[in-house]
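Student: Once you've had a glance at the structure underneath, I'll fire off some questions.
The values are calculated or read from the model by the stated rules, or taken from the named source; none is laboratory data. Bear in mind the structure is a predicted one, so any value in this text is a computation, not a measurement. As a convention, Cβ positions derive from the backbone with ideal geometry for all residues, glycine included, and neighbour counts pool all protein chains shown.
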């Protein structure tokens, strides 16, 4: 089977999922022919992704969340207005995606939550079946309950999620726990898609707090807390490419550019983990048995954080109040069933993909309206 990946390039979650799935497919005799990464001009593709993906990588221009002026949370209105100005470039991206589907001879397109893919299937109707993978598809599941706030933002996020999967044969929803499939919305529940390097870590309880912030503006919170608690070692990763690989503030506070090997090594040895609630890093921390503080930067991350708190895996805060995290770490008990669920991912995901490239899906595209 020849597979084309299209990946949303914001943050690290979709990128690490693509790395994991490419390795799994290649080990089982399938060929990933190309990887299209949707990114804005303001984002740089992390080196760990370039190093680990074997297939050729090509870029497409894609919408991205723009941060507030403080560079912390996403500014939805600013992001929307900016996207309107970029519509001609987005149309070129759709044309390019459609052309690469045709020219690579792909038998299957796997979409990691990239909007341009869904719009390509809406406007151009490629005959090649598409499967979508992402935690966000869980929010469309009939049994998932959204947080009881920001209803307008929740509606817009679910609309965006539907748009990414227009024309999809199946939505594979990554989930913290097993649930029944939702056939009405063509959703299959699958375990988190963690990379092999996560399973190779040997977790120990160190003396430092590990962290990741998708927007570097959150560093102000961390610096203020550090000034009051200089004795607690802090090691935070950020998406701030203007800085050196490691920006050492003093003996107990350092900021790191995003490097996935170093990120996982630091995760395995930390006392606790604080992040802006990206799904992938939450799963890594849960698998390694680390207590988590989540500081959502936008509605999607608010849903991630809400979902993770249902099993007592973490707590939520509006800022990086690490006092709360240290208090939570004192009583935290890891969930032993989560590791079993994660380790079943190889079989479940491969079975789903091979099932949905079957004869039934090769008969032609369903009407797009069925997937909305």
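Student: Being touching a strand residue (DSSP E or B) at 6+ places or on another chain (Cβ under 6 Å) and surrounded by 16 or more Cβ atoms within 10 Å (Cβ to Cβ) is the requirement here; does residue 171 meet it? Please lay out each step first, then the result.
Tutor: Working: touching a strand residue (DSSP E or B) at 6+ places or on another chain (Cβ under 6 Å): yes; surrounded by 16 or more Cβ atoms within 10 Å (Cβ to Cβ): yes.
Yes; evaluated as a whole, the condition is true for this residue.
Student: Moving to a separate point now. Which of the strands (runs of 3 or more DSSP E) contained wholly in segment 186-260 include at least 2 residues that are closer than 21 Å to residue 292 by Cβ?
Tutor: Passing ranges, in order: 209-213, 234-238, 253-257.
Student: I'd like the full set of residues that are within 25 Å of residue 347 (Cα to Cα), out of contact with any strand residue (DSSP E or B) (no Cβ under 7 Å at 6 or more places or on another chain) and in contact (Cβ under 8 Å) with a residue 40 or more places away in the chain, limited to segment 22-48.
Tutor: 23, 24, 28
Student: Consider residue 268 carefully, then state whether it is surrounded by 24 or more Cβ atoms within 10 Å (Cβ to Cβ), within 24 Å of the chain's Cα centre (by Cα) and closer than 19 Å to residue 332 by Cα.
Tutor: no
Student: I would also like to ask the following. Give all pairs with beta carbons closer than 6 Å in which a residue from segment 99-125 that is in the same structural domain as residue 89 (by TED's automatic domain parsing) and at positive phi meets a residue that is in a helix (DSSP H, G or I) and at pLDDT 95 or above; count only pairs at least 6 apart in sequence or on separate chains.
Tutor: 113/164
Student: Continuing with this model, one more query. So residue 277 fits all but one of (1) touching a strand residue (DSSP E or B) at 6+ places or on another chain (Cβ under 9 Å); (2) crowded, with 24+ Cβ neighbours inside 10 Å; (3) in contact (Cβ under 8 Å) with a residue 60 or more places away in the chain; what number is the exception?
Tutor: Exception for residue 277: condition (3).
Student: Separate question: Buried (at least 16 other Cβ atoms within 10 Å of the Cβ), modelled with pLDDT under 95 and either outside any helix (DSSP H, G or I) or assigned by TED's automatic domain parsing to the domain that holds residue 156 (or both): which single residue out of 80, 48 fits that description?
Tutor: Just a single option satisfies the conditions, and that option is 48.
Student: Residue 339 fails exactly one of the following numbered conditions: (1) under 18 Å from residue 212 (Cα atoms); (2) surrounded by fewer than 23 Cβ atoms within 10 Å (Cβ to Cβ). What is the number of that condition?
Tutor: (1)
Student: So for segment 110-119 (the condition being touching a strand residue (DSSP E or B) at 6+ places or on another chain (Cβ under 9 Å), in a loop (DSSP other than H, G, I, E, B) and crowded, with 23+ Cβ neighbours inside 10 Å), does at least one residue qualify?
Tutor: Yes; the residues of segment 110-119 include at least one that is touching a strand residue (DSSP E or B) at 6+ places or on another chain (Cβ under 9 Å), in a loop (DSSP other than H, G, I, E, B) and crowded, with 23+ Cβ neighbours inside 10 Å.
Student: For segment 240-248, does any single residue satisfy the condition of being surrounded by 20 or more Cβ atoms within 10 Å (Cβ to Cβ), in contact with a helix residue (DSSP H, G or I) (Cβ under 8 Å, 6 or more places away or on another chain) and either modelled with pLDDT of 95 or more or farther than 20 Å from residue 336 by Cα (or both)? Lay out the reasoning, then the answer.
Tutor: Filtering segment 240-248 down to residues surrounded by 20 or more Cβ atoms within 10 Å (Cβ to Cβ) leaves none.
No: zero hits.
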